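What follows is a short report on a single structure.
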Amino acid sequence: MKITSQMVKDLRDKTGAGMMDCKKALSEAEGDIEKAVDLLRQKGLAVAAKRAGRATSEGTIETYIHAGGKIAAMVELSCESDFVAKTDGFKEFARDLALHVAAVNPVAISRDEIPEEVLAREKDIYVQQALDSGKPENIVEKMVGGKMEKFIKEISLLDQQFVKNPDFTIQELITDLIGKMGEVISIKRIARFQVGT
């Protein structure tokens, strides 16, 4: 199939990937735009895995203030170079993250950082609910496991569905950005403030 410049442009607009990457992905996908998007996302995953151990000493801090100054969030997003930190795409992603943190209020950046006492308290509640409903103990453990996984996804920033596009988790968006920018990108810190809490 002939790959037209319009097809390449459409894919670039959709993914933000480079022109040659888009052309190659379209060739591999035989002109199927959706397959090409998937190929570019897989490439992003590969780039992210390859760069995982590199230092991120540059970045930006972005804020978001909502509800007439009643809710605010601040995010520190880091990368490898000052060049990437100054790009519009990087800064826009950091602002979107701040908006997401303000809207969703995650407890921790990753599931590893969730305080043990938060998990223990929630697990106790789920166990008691299951036992009170008369479920046998072997079923209780499975029920609690499923509920705990759902709870962790709700409070861990990287596991959360992005508030502006619930088709993607924050981790998937970061992986995609790593593929586009060609550098390791990570969330260093988050903070959320709400008047009266």
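For this structure, a couple of remarks:
- For Lys43, a cut-off of 26 angstrom between C-alpha atoms picks up these lysines, skipping any fewer than 8 places away in its own chain: Lys2, Lys9, Lys14, Lys23, Lys24, Lys35, Lys86, Lys91, Lys153, Lys164, Lys180, Lys188.
- Here the Karplus relation 6.51 cos²θ - 1.76 cosθ + 1.60, evaluated at θ = phi - 60°, turns the backbone of segment 62-74 into coupling constants of 10, 10, 9, 10, 10, 6, x, x, 8, 10, 9, 9, 9 Hz, with x for every Gly and Pro.
- Kirkwood radius, segment 96-197, all distinct C-alpha pairs, inverse of mean reciprocal distance: 15.5 Å.
- Debye, to nearest 20: dipole size of segment 56-118, +1 on Lys, Arg Cβ, -1 on Asp, Glu Cβ: 360 debye
- Selection from Ser156, Thr197, Ile33, by position along the positive dipole direction of the chain (Cβ): Ile33
- Relative contact order for segment 39-168, counting Cα pairs under 8 Å that sit 6 or more residues apart, in percent: 20 percent
- Most mobile of Ala25, Ala85, Ala73 in a GNM of the chain (Cα contacts under 10 Å): Ala25
- Residue-averaged 222 nm ellipticity for the chain, from DSSP H runs of 4+ at -39500 (n - 2.57), nearest 500: -17500 deg cm²/dmol
- The chain, accessible area per residue, ligands and nucleic acids excluded (1.4 Å, Å²): 60 Å²
- Using the Karplus relation 6.51 cos²θ - 1.76 cosθ + 1.60 with θ = phi - 60°, the per-residue 3J(HN,Hα) values for segment 183-197 come to 9, 5, 10, 9, 8, 7, 8, 9, 8, 10, 10, 9, 4, x, 10 Hz, with x marking Gly and Pro.
- Only protein atoms count toward the accessible area here, which uses a 1.4 Å probe; on the chain, the carbon and sulfur part of that area reaches 52 percent.
- In segment 49-186, taking the dipole from charged Cβ atoms about the Cα centre, the farthest positive-side position among Pro115, Asn165, Ala103 is held by Asn165.
- Degrees, to the nearest 10: 19-28 long Cα axis against longest axis of the chain: 80 degrees
- Computed from Cα positions, the angle between helix 33-51 and the longest principal axis of the chain comes to roughly 70 degrees.
- Simple Cβ-charge dipole of the chain, Lys/Arg +1 and Asp/Glu -1, about Cα centre, in debye nearest 20: 400 debye
- Compactness of the chain is given as radius of gyration and Dmax, 20.4, 64 Å, from Cα positions.
The values are calculated or read from the model by the stated rules, or taken from the named source; none is laboratory data. Every value quoted in this text rests on a predicted model; they were computed, and no experiment measured them. Quick reminder, even Gly has a Cβ in these numbers, built from the backbone with ideal geometry, and neighbours come from all protein chains shown. Each accessible area value is taken on the protein alone, full model and side chains, heavy atoms only, with ligands, DNA and RNA left out. Shrake-Rupley method; radii C 1.70, N 1.55, O 1.52, S 1.80 Å.
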